[in-house]
Amino acid sequence: MDSALIQTVAREFLRLPLADGEAASLAEALVGLQQLIQAIETVQLPYSADPFITPRSSDEWLETCPEQ
Amino acid sequence: MSGAISTSEPAWLDLTTASELIARRELTATQLVELMLARIERLNPQVNAFVTVLAEAARAQASAVDTEIARGRWRGPLHGVTLAVKDIIDVAGAPTTGGSRTLGRSIAPRDATCVARLRAAGAIILGKLHTHELAGGVTSESELYGRARNPWNTDYIPGGSSGGSAVATAAGLAHGALGTDTGGSVRMPAAFCGVAGLKGTFGRVSRSGVLTRSWTMDHVGSLGRRVCDTALLFQEVAGHDPRDSYSSRRKVPNIIDGLSENIRGLRAGVLTGAFFESELDPQIGEVFERAVQTLGTMGVKTKAVTFDLADASYAAGTIITIAEAASTQDEVIRTRPEEFGADIRKQLQTAEFISARQYLRALRIRFLVQQELEGLLREVDVLLTPSSPALPTRSDGKTTLERLARFARNTRPFSVPGLPALSVPAGFSAEGLPIGLQIIGRPFDEKTILHVGHAYERASPWHTRTPPLAN
């Protein structure tokens, strides 16, 4: 993403103020973010993969916890 | 025992020994606090671990401990010992700055639950410890407080974000400390500074009174110079707290009894594969191999295992963490972004570009990661990795997602499913910098990882070394 597009998305869509030069410096960081996103896009998700099973806090999970 | 004590030896005692000396009145809490305050005054300018020293409050607490002990009441193995806490954890009457200009110096009206529990056990709080701004980085460099320094070589970073907690413990400025761990922020600085660091299962330790970085990833952890010290601290702070909506109601067992039992016959999975090997520093690889061999000679059955979703878990953990962190700072990043340090500002701005679909995908990957790791932990009792695949670097003031990726590569994948994990000292690099061994366990089975860590510690010399500047 070039800095002009970053600036436009930030201002018009995210309502995120960026100082002069910040859009350009974000371009590199966004490349790093894209790599992370690529790593999660390659995983096949079954319909049952529930986003709101928070780690270790649900009673349902506790019942299936391996015996210790 | 009365009068000033002439050596710094009590600063290096383990928690149980220190407390027992106080119970027997061979050492008073007041003497211990004065000794520690003198050490902080002498050494903190070199390592920058403490950002707030609560000298008068600590003296008052020590006096109360001595009065109580004189009346024959000993509360247990934390009574009279000196501790300190990361500056994102509230201590009544002290500012919680989070290492950030965005928060000012507002005074906490009451203790965080974890601090209140330590106080109830008789521990003395010496002060607040350096954190990477808002617990958002790994170098413990702060525009507000400068940089915390690794006591083994002050040119190097101590790791982070709980850098001050690891430094204070390693340098003998406190007998132990609390930190927080979202993706490795207790385990990694513990490894870099040569101390033990424990993160319990998600939900075990209340985060009430602790600044939030990530609602679904944050854990409070404990650091000590001995595995048994981290266990004692954990035992005291763990347990349900209605003030934290994610707090587990599961009963906390006695994890101290049986800590010294034989570990023969336990099964350990050694994580292998490209994710764990491609970025591994060769020196760390050698240390790790020797640590695994040591466990083998103690009767632990080791076998190579793979974690196919490690890369995806790392990425999902980063996306979840920074997206949630950006949400916590939603208003500030829009109204006064200039108050953030440059690295955190950029991290939060970057996170704004994560879509809801991508965030939800990361959360759904957590479900799969839990399934895979729970399957692995039916085959073995614990998993082993180096605590970090990289050695600490010289401080250069830059935290980027790439640097996070290197240092937290082995810790974050196990934070995503909230598994308990411990880092123990396992050796040193040629440059004299510490290296850690990470032991990961089943959910709510902190006892087994502490058991393995304690046994390894007794079979190795690393925990007995102290940084030269600290003596």
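Mind checking which lysines have their Cα closer than 17 Å to the Cα of B:LYS86? Skip sequence neighbours fewer than 8 apart in that chain.
Here the lysines satisfying the reach criterion relative to B:LYS86 are B:LYS128, B:LYS199.
So, with +1 on the Cβ of K and R and -1 on the Cβ of D and E, and no other charges, what is the size of the charge dipole of the protein assembly as shown about its Cα centre, to the nearest 20 debye?
Rounded to the nearest 20 debye, it is 1000 debye.
Give, in nm to one decimal, the length gained when the segment between B:ASN471 and B:ASN153 is fully stretched (0.36 nm per residue of separation minus the Cα-Cα distance). Don't skip to the answer; put the middle values down first.
Numbers: separation 318, 0.36 × 318 = 114.48 nm, distance 1.39 nm.
Going from the current span to full extension adds 113.1 nm.
Over all residues in B:443-454, what is the mean tally of Cβ atoms on other chains that come within 10 Å of each residue's Cβ? Provide the component values of the computation, followed by the final result.
Values: counts 8, 5, 4, 1, 1, 1, 0, 0, 0, 0, 0, 0.
Averaged over the peptide's residues, the number is 2.
Among B:LYS86, B:LYS251, B:LYS346, rank each residue by its count of other Cβ atoms within 10 Å, from fewest to most, as a rough exposure measure. Write down the numbers at each step before the final one.
On the way: B:LYS86 34, B:LYS251 8, B:LYS346 19.
If I rank by nearby Cβ atoms, fewest first, I get B:LYS251, B:LYS346, B:LYS86.
For the stretch B:327-425, evaluate the Debye formula with one uniform point scatterer on each Cα (no solvent term) and list log10 I(q)/I(0) at q = 0.10, 0.13, 0.14 Å⁻¹, rounded to two decimals.
Evaluating at q = 0.10, 0.13, 0.14 Å⁻¹ gives log10 I(q)/I(0) of -0.42, -0.68, -0.77.
Suppose the chain between B:GLU41 and B:GLU331 were pulled fully straight at 0.36 nm per residue; how much longer would it get relative to their current alpha carbon spacing? Each step should come with its number before you reach the end.
Values: separation 290, 0.36 × 290 = 104.40 nm, distance 3.81 nm.
Net length gain for the segment: 100.6 nm.
Given charges of +1 on the Cβ of Lys and Arg and -1 on the Cβ of Asp and Glu, with all other atoms neutral, how large is the dipole of the stretch A:1-42 about its Cα centre, in debye to the nearest 20?
Result for the stretch A:1-42 is approximately 140 debye, rounded to the nearest 20.
When the gyration tensor of the stretch A:1-42 is built from Cα positions, what are the square roots of 5 times its three eigenvalues, in whole Å, from largest to smallest? Numbers along the way, then the final one.
Details: eigenvalues 90, 27, 11 Å².
Semi-axes, largest first: 21, 12, 7 Å.
Express the C-alpha Rg of the protein assembly as shown as a ratio against the empirical globular expectation 2.2 N^0.38 Å, rounded to two decimals. Provide the component values of the computation, followed by the final result.
Numbers: Rg = 22.0 Å, N = 539, 2.2 N^0.38 = 24.0 Å.
Normalised Cα radius of gyration, the protein assembly as shown: 0.92.
What is the average number of partner chain Cβ atoms found within 10 Å of a Cβ in B:154-166? If you can, show how the numbers build up before the last one.
Working: counts 0, 0, 0, 0, 0, 0, 0, 0, 0, 0, 0, 0, 0.
Per-residue shielding by partner chains comes out at 0.
Would you calculate the separation in nanometres between label points at B:ARG357 and A:ALA19, each defined as 7 Å from the Cα along the Cα-to-beta-carbon direction?
For the pair B:ARG357/A:ALA19, the computed spacing is 3.4 nm.
Go through B:VAL270, B:PRO77, B:ASN48 and say which Cα lies farthest out towards the positive end of the charge dipole of chain B; charges sit on Cβ, +1 for Lys and Arg, -1 for Asp and Glu.
Farthest along the dipole direction, towards plus: B:PRO77.
Distance from the Cα centre of the stretch B:38-58 to that of the stretch B:199-219, in angstrom?
26
Using only atoms on other chains, find how many Cβ atoms lie within 10 Å of each Cβ of peptide B:358-369 and report the average. Before the final figure, lay out each step's value.
Details: counts 5, 2, 4, 7, 6, 6, 11, 6, 7, 9, 6, 2.
If you average over the peptide's residues, the count of other-chain Cβ atoms is 6.
Projected onto the charge dipole of the stretch B:9-470 (+1 at Lys/Arg Cβ, -1 at Asp/Glu Cβ, origin at the Cα centre), which of B:LEU280, B:GLY239, B:GLY200 gives the Cα projection farthest towards the positive end?
Farthest towards the positive end: B:GLY239.
Suppose R0 equals 56 Å. What FRET efficiency, 1/(1 + (r/R0)^6) with r the Cβ-Cβ distance, do B:ARG75 and B:GLU379 give to the nearest 0.05?
Working: r = 42 Å, r/R0 = 0.74.
Computed FRET efficiency for B:ARG75 and B:GLU379: 0.85.
Could you calculate the contour length gain from B:ALA92 to B:GLN293, that is, 0.36 nm times the residue separation minus the distance between their Cα atoms, to one decimal place in nm?
Working: separation 201, 0.36 × 201 = 72.36 nm, distance 4.64 nm.
Taking B:ALA92 through B:GLN293 to full extension adds about 67.7 nm, to one decimal.
Test of understanding: ordering B:TYR145, B:TYR314 by Cβ neighbours within 10 Å, fewest first, what list do you get?
Working: B:TYR145 20, B:TYR314 27.
Going from least to most buried by this count: B:TYR145, B:TYR314.
List the lysines whose Cα lies under 22 Å from the Cα of B:LYS303, skipping any in the same chain that are fewer than 8 positions away.
Cα-Cα hits under 22 Å: B:LYS447.
Relative contact order (percent) for chain B, with alpha-carbon contacts under 8 angstrom and 6 or more residues of separation? List each step's numbers first, then the result.
On the way: 1093 pairs, mean separation 79.4, N = 471.
Value for chain B: 17 percent.
Taking just the alpha-carbon atoms of chain B, what radius of gyration and Dmax come out, in angstrom?
Answer for chain B, Rg first and Dmax second: 20.5, 65 Å.
Would you mind telling me the antiparallel percentage of the DSSP bridges in the protein assembly as shown, rounded to 5?
Details: 34 of 50 bridges.
Bridges in the protein assembly as shown are about 70 percent antiparallel.
With 10 angstrom as the radius, rank B:THR230, B:THR16, B:THR102 by how many other C-beta atoms surround their C-beta, starting from the fewest. Could the numbers behind the result be given before it?
Details: B:THR230 33, B:THR16 17, B:THR102 20.
The order, fewest Cβ neighbours first, is B:THR16, B:THR102, B:THR230.
Starting at the first residue of the stretch B:215-223, write each ³J(HN,Hα) from the Karplus equation 6.51 cos²θ - 1.76 cosθ + 1.60 with θ = phi - 60°, in whole Hz, x for Gly and Pro.
So the J values, rounded to whole Hz, are 4, 9, 10, 6, 9, 8, x, 10, 10.
Once the Cβ-Cβ distance between A:THR8 and A:GLN38 is put in as r, and R0 is 22 Å, what FRET efficiency do you end up with, to the nearest 0.05? Kindly include the intermediate steps, with their values, before the conclusion.
Values: r = 23 Å, r/R0 = 1.07.
After rounding to 0.05, the efficiency reads 0.40.
So if I place +1 on the C-beta of Lys and Arg and -1 on the C-beta of Asp and Glu, and nothing else carries charge, what would the dipole magnitude of chain B be about its Cα centre? I want it in debye, nearest 20. Can you show the working numbers first?
Working: 52 positive and 48 negative charges, 141 e Å.
The dipole magnitude comes to about 680 debye.
Toward the positive end of the charge dipole of the protein assembly as shown, about the Cα centre and with charges on Cβ (Lys, Arg +1; Asp, Glu -1), which of B:ALA362, A:ILE40, B:SER260 goes farthest?
After comparing all options, I get B:SER260.
Using modelled backbone amide H atoms (1.01 Å from N, in-plane), which distant-in-sequence or interchain residues come within less than 5 Å of B:LEU129's amide H?
B:VAL51, B:VAL85, B:LYS86, B:ASP87
Each value in this text was obtained by applying a stated rule to the coordinates, not by laboratory testing. Just so you know, these numbers come straight off a predicted model, no measurement behind them. In this analysis, Cβ positions are derived from the backbone assuming ideal geometry, glycine residues included, and neighbour counts consider all displayed protein chains.
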